[in-house]
Amino acid sequence: QVQLVESGGGLVQSGGSLRLSCVASGMLVNLNTMDWYRQAPGKQREFIASITSPGNTNYADSVKGRFTISRDTAKKTVYLEMNSLKPEATAVYYCRSLRYGRQHWGQGTQVTVSS
């Protein structure tokens, strides 16, 4: 059974950094496309970053140059390094796996950026 567990969220000041982790069980992160999404209060969930099975990465324009997605296959973990955080980044951050059209989501981790 696939399970994704996010951690690393918290409260940070504007301009600060956080690193989120997504630990997977029941699957291999290098055989899936792994994504990070976020959902702010009253807004739709939006795509942030992805890393494909071959290791190609893609980012939303709003985070390019500031966020980095990576993975550690041995640890079954996907990371999202977030730098130069802005208050508008305040949201619940979710990890998603996708393979052959089948997706799984984690429970999310809260990130709050104070101004």
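The values are calculated or read from the model by the stated rules, or taken from the named source; none is laboratory data. Here the structure is a predicted model, which means the values were calculated and not measured. Glycine also receives a Cβ, built like all others from the backbone with ideal geometry; neighbour counts cover every protein chain displayed. Protein only, heavy atoms only, side chains kept; ligands, DNA and RNA dropped before computing areas. Shrake-Rupley method; radii C 1.70, N 1.55, O 1.52, S 1.80 Å.
Please give the strands (runs of 3 or more DSSP E) falling wholly within the stretch 4-86 in which 1 or more residues are modelled with pLDDT of 95 or more and aromatic (Phe, Trp, Tyr).
Values: elements: 10-13, 18-25, 33-39, 46-51, 57-59, 67-72, 77-82.
Strands (runs of 3 or more DSSP E) meeting the threshold: 33-39, 46-51, 57-59, 67-72, 77-82.
Look through the stretch 91-115, keep the residues that are part of a loop (DSSP other than H, G, I, E, B) and over 13 Å from the mean Cα position of the chain (by Cα), and return whichever of them is farthest from Asn58 (Cα to Cα).
Applying the first criterion (part of a loop (DSSP other than H, G, I, E, B)) to the stretch 91-115 yields 100-101, 106-108, 115.
Now drop any that are not over 13 Å from the mean Cα position of the chain (by Cα), which leaves 100-101, 115.
On the way: Tyr100: 19, Gly101: 18, Ser115: 28 Å.
Checked the stretch 91-115; the qualifying residue farthest from Asn58 (Cα to Cα) is Ser115.
Evaluate the following for Arg38: is it among the basic types (Lys, Arg), open to solvent by less than 40 Å² (accessible area, probe 1.4 Å) and at negative phi?
yes
State yes or no: is Ala60 without any contact (Cβ under 8 Å) to a residue 60 or more places away in the chain and in contact with a Phe, Trp or Tyr (Cβ under 7 Å, 6 or more places away or on another chain)?
Values: without any contact (Cβ under 8 Å) to a residue 60 or more places away in the chain: yes; in contact with a Phe, Trp or Tyr (Cβ under 7 Å, 6 or more places away or on another chain): yes.
Yes, satisfied.
Could you check, for the stretch 57-65, whether at least one of its residues is touching a Gly at 6+ places or on another chain (Cβ under 7 Å), over 18 Å from Gln3 (Cβ atoms) and either open to solvent by less than 40 Å² (accessible area, probe 1.4 Å) or not hydroxyl-bearing (Ser, Thr, Tyr) (or both)?
Taking every residue of the stretch 57-65 in turn, none turns out to be touching a Gly at 6+ places or on another chain (Cβ under 7 Å), over 18 Å from Gln3 (Cβ atoms) and either open to solvent by less than 40 Å² (accessible area, probe 1.4 Å) or not hydroxyl-bearing (Ser, Thr, Tyr) (or both).
Pick from the stretch 92-111 the residues that are hydroxyl-bearing (Ser, Thr, Tyr) and more than 13 Å from Gly8 (Cβ to Cβ): which of them is least open to solvent (accessible area, probe 1.4 Å)?
Ser97
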